[in-house]
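What follows is a short report on a single structure.
The values are calculated or read from the model by the stated rules, or taken from the named source; none is laboratory data. What you see is a predicted model, and the numbers here were worked out from it, not measured in a lab. So basically every Cβ, Gly included, is an ideal-geometry build from the backbone, and we count neighbours across all protein chains shown. Surface accessibility is based on the protein's heavy atoms, side chains included, excluding ligands, DNA and RNA. Shrake-Rupley method; radii C 1.70, N 1.55, O 1.52, S 1.80 Å.
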Amino acid sequence: QSRFLSDGSSSPEDAATVWSIPLLFATPNMVSEQAVIMDQKQQTFAIPLSGSQPWIKINAGQKALVRVSHSSEMIDRLIAAMTAGGLDVLSPVDRAALLLDGYALAKAGLAPLDTVVNIMKVLMVLNENSSIVCGAMQGVLNAFYILMEELDSQGSHPGALQSFTAFGKKFVVSALERVGWDAKPDDGHTDKLLRSTILGLLDTFAWNDPAVAAEAKRRFDLHFTEPSALPAEYKTTVYRIVLMNGGLAEYEKVLHTYTSTEDNQERKYAMYSLGASSVEGLKKRTLDWALKSGDVKLQDYFYPMGSVAHNMAGSELAWNYFKENFATLKEMLSKASPSLMDAGIINSISRFCSLSKADEVEAFFQANPLPSSERRISQQLEGIRTSAKMVGLIKDSALSKPAYWA
């Protein structure tokens, strides 16, 4: 055992730290009935196995708050077992954990990148249908998209982002065919969560799919007279898809949903969405609207900024706007909670994934100090540099090749 930090770093004092960790194990034949305690740096446990291709999943049921670095052989055996035996080989919690642990360790440079993709591929092939696991897949797919977007912007690996997007789209569109847009009479809570999760991926991976775009537009147009056509759980997603495929007319309609109500929850759907427009001038208009129009409450100004930073180009626009209007923003928030300035910073820079951007952000706040936001800025810089490191790992791996995602 060792201390895990998201950037893969360690310090000398960590070497002496030992925790008492309760562990359960899953195998083809059983799940541990009682936990064993790992209270040494290295420790051996005897787990009975049988069959020609036995496997073992450590921390079954995720009872211990740890990351588990399964060996490549262990991962290969788990993948082979699921391929042969289906999703029920592992519980939904363990399937999600296998993916999330793999991604966290890969991001820290402590596990192979292709391990994460191989786990995700088998879940896709098996038509994963658990809301827990699909939620984990959503997080990993979105995180990879941001990293691949950065790689694409560097110009050294043309086609990689497009191939990865097609990879994600294939899963999302297939899953959408199974869950549908509309609730079913026998839907339980997890069914609703699953549908919301799948639909929540459309504006990243399938916004320009003709069938998806047409259905989103149909529901958008209809919901003004029949609100039930556009349920709350995916209203923001549909607004974004319509804005990404549309222009000024669609923008004005979404804006009207804000100005025509005093219900702040309804207003948030517009605030979360307006900046997703593909028209740069409308993105800039959204930023001005958020900060200068007087229509947006002070405590909400960062929502439209975040909607502009929906992709790399929007992030650059939002960050430049933040810098250009820093004095105005600082004056506006002079008597407000520091968390509002933190939110503006996060929504402007959290998508950045390069060392040059980290240096630029750091230099700006050194020249324009915000003592009350120092900790938040430091956390964001650490996150940007960790992501930049992972972009470098992707660049040097097979994941940077378009053919890999085919």
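With the contact rule set at Cα under 8 Å and sequence spacing of 6 or more, what percent relative contact order holds for the chain? Once normalised by length, the contact order is 13 percent. Per-atom-type breakdown for the chain gives carbon and sulfur 53% of the accessible area (1.4 Å probe, protein chains only). Placing +1 on the Cβ of every Lys and Arg and -1 on the Cβ of every Asp and Glu, with no other charges, gives the stretch 224-291 a dipole of roughly 240 debye about its Cα centre.
Ligands, DNA and RNA excluded, the heavy atoms of Ser337 present near 60 Å² of accessible surface to a 1.4 Å solvent probe.
Computed over protein heavy atoms with a 1.4 Å probe, the accessible surface of the stretch 257-322 works out to 38 Å² per residue.
Along the charge dipole of the stretch 256-406, pointing to its positive end and built from +1/-1 on Cβ of Lys, Arg, Asp and Glu, which listed residue (Tyr272, Thr257, Ser387) has its Cα farthest out? Of the listed residues, the answer is Ser387.
Relative to the Cα centre, the charge distribution of the chain, modelled as +1 at Lys and Arg Cβ and -1 at Asp and Glu Cβ, gives a dipole magnitude of about 160 debye.
Note that the stretch 93-188 presents 37 Å² accessible area per residue, ligands and nucleic acids not counted, probe 1.4 Å. Work out the charge dipole of the chain with +1 on the Cβ of Lys and Arg and -1 on the Cβ of Asp and Glu about the Cα centre, then indicate which of Leu298, Pro231, Ile119 is farthest towards its positive end. Working it through, the farthest residue towards the positive pole turns out to be Ile119.
The listed residues Ile37, Ile47, once ranked by accessible area (1.4 Å probe) with the largest placed first, stand as Ile37, Ile47.
Heavy-atom accessible surface of Asp221, to the nearest 10 Å², is about 70 Å², with a 1.4 Å probe and all protein chains retained.
All other residues with a Cβ under 11 Å from the Cβ of Leu329 taken together, and with Lys, Arg as +1 and Asp, Glu as -1, what is their net charge? It works out to a net charge of +1. Under 5 Å between amide hydrogens, built in the peptide plane, is the criterion, and for Ile21 it picks out Met38, Asp39 among residues at least 5 positions away or on other chains. For the stretch 143-291, what relative contact order do you get, as a whole percent, if you take Cα pairs closer than 8 Å and at least 6 residues apart? Dividing the mean separation by the residue count of the stretch 143-291 yields 16 percent. Dividing the mean sequence gap of close Cα pairs (under 8 Å, 6+ apart) by how many residues the stretch 208-260 holds gives a relative contact order of 35 percent.
Helix 235-245 axis versus longest C-alpha principal axis of the chain: approximately 70°, rounded to the nearest ten.
All other residues with a Cβ under 13 Å from the Cβ of Gln379 taken together, and with Lys, Arg as +1 and Asp, Glu as -1, what is their net charge?
-2
Can you list the lysines whose alpha carbon is less than 22 Å from that of Lys297, not counting same-chain residues fewer than 8 positions off? The qualifying lysines are Lys235, Lys253, Lys268, Lys283, Lys284, Lys323, Lys330, Lys335.
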